[in-house]
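This report concerns only the one structure given below.
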Amino acid sequence: MLFTLSRLSYLGLSLSFGWLSWRFWNNYRKEKDTISENFSNFQFFLAIGTFLFFLETFVPISDFVFKEWLWIAGLFFVNTGFSFAGYLVFYLRFPKIPPAFGFRVFFIWGTAIMFSTVVLPIRFFVFPDGQIELFLPPLTAIMTFGLILVTSLPLGIIIIKQALTLKSQKERIKSLSLGVTCLAGVTAALFFTLISTLELRLILSIIMVLGVIFLSRFVTQGKIPEVK
């Protein structure tokens, strides 16, 4: 039963990230703003990555190699998603530096994480029915946590600080909600990396699903203010 809940938590995360990506993309089609476009990409890659984690849970232990590579592919998509968060950090905080540079730096970081996962042995827990829950190697977990921390945390802080300077209550609430969404990425870092207790993973995933759905109501209505 516990493993079934774990499987459903991945599906819930994938659907909620996909929903938020779709909302941002529709917002971008109307407003043509850089923040909506890159947040849509950010959430889209998270949705694909967590969906691959969901599919991985159906692969039996007899196909462990395929199971492992499917999981590594999911990790690659998740890390690429946070590279778009890095793009936005440079776009908002360092206007004199091309934001594409920030994306490349974090994409290379994410690619290094993927290769470390290939080289280092993946940790796993075997359930009585023979199914497996995979966990990152310790070094890879630290590298992944670092990637998410240095992209999501600064981005959330930048947007929240900007939100406090806005006079319009509607725009302030929108920007604050967006900032909180970014800070939730740090929770995602714990979910994917440093937390090895399955029960805590499940609790965090439920909180994240509900939070993403709730915040999507605020952060994708109209153009997102760009205060630099």
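Every read-out reported here was derived from the displayed coordinates using simple, explicitly stated rules and does not represent laboratory data. From a predicted model like this one, the values you see are computed outputs, not experimental measurements. Backbone-built Cβ (ideal geometry, glycine too); neighbour counts: all protein chains shown.
Give me the distance in nm between label points sitting 7 Å out from Cα along the Cα-to-Cβ direction at Val186 and Ala112, one decimal.
Going by the 7 Å Cα→Cβ label model, 2.3 nm.
Hey, fewest Cβ within 10 Å first, where do Trp71, Trp109, Trp22 land in order? The partial results should precede the final answer.
Working: Trp71 24, Trp109 19, Trp22 16.
Going from least to most buried by this count: Trp22, Trp109, Trp71.
Applying 1/(1 + (r/R0)^6) with R0 = 25 Å to the Cβ-Cβ distance of Lys32 and Leu166, what FRET efficiency is obtained, to the nearest 0.05? Show your work: numbers first, answer last.
On the way: r = 21 Å, r/R0 = 0.82.
Calculated value: 0.75.
Report the extension gain between Ile97 and Leu139 in nm, rounded to one decimal, defined as 0.36 nm multiplied by the number of residues separating them, less their alpha carbon distance. Mind dumping the intermediate values first?
Details: separation 42, 0.36 × 42 = 15.12 nm, distance 3.04 nm.
Stretched fully, the Ile97-Leu139 segment lengthens by 12.1 nm.
Which order do Lys161, Lys167 fall in if you start with the one that has the fewest other Cβ atoms within 10 Å? Present the calculation step by step, with values, prior to reporting the outcome.
On the way: Lys161 12, Lys167 6.
Fewest-to-most Cβ neighbours within 10 Å comes out as Lys167, Lys161.
Among Glu56, Glu68, what is the fewest-to-most ranking by other Cβ atoms within 10 Å? Please report the intermediate quantities before stating the final value.
Values: Glu56 22, Glu68 18.
Least to most surrounded, the residues fall as Glu68, Glu56.
In nm, what is the difference between 0.36 nm times the number of residues separating Phe124 and Val65 and their Cα-Cα distance? Walk me through the numbers before you get to the answer.
Working: separation 59, 0.36 × 59 = 21.24 nm, distance 1.29 nm.
This chain segment gains 20.0 nm when fully extended.
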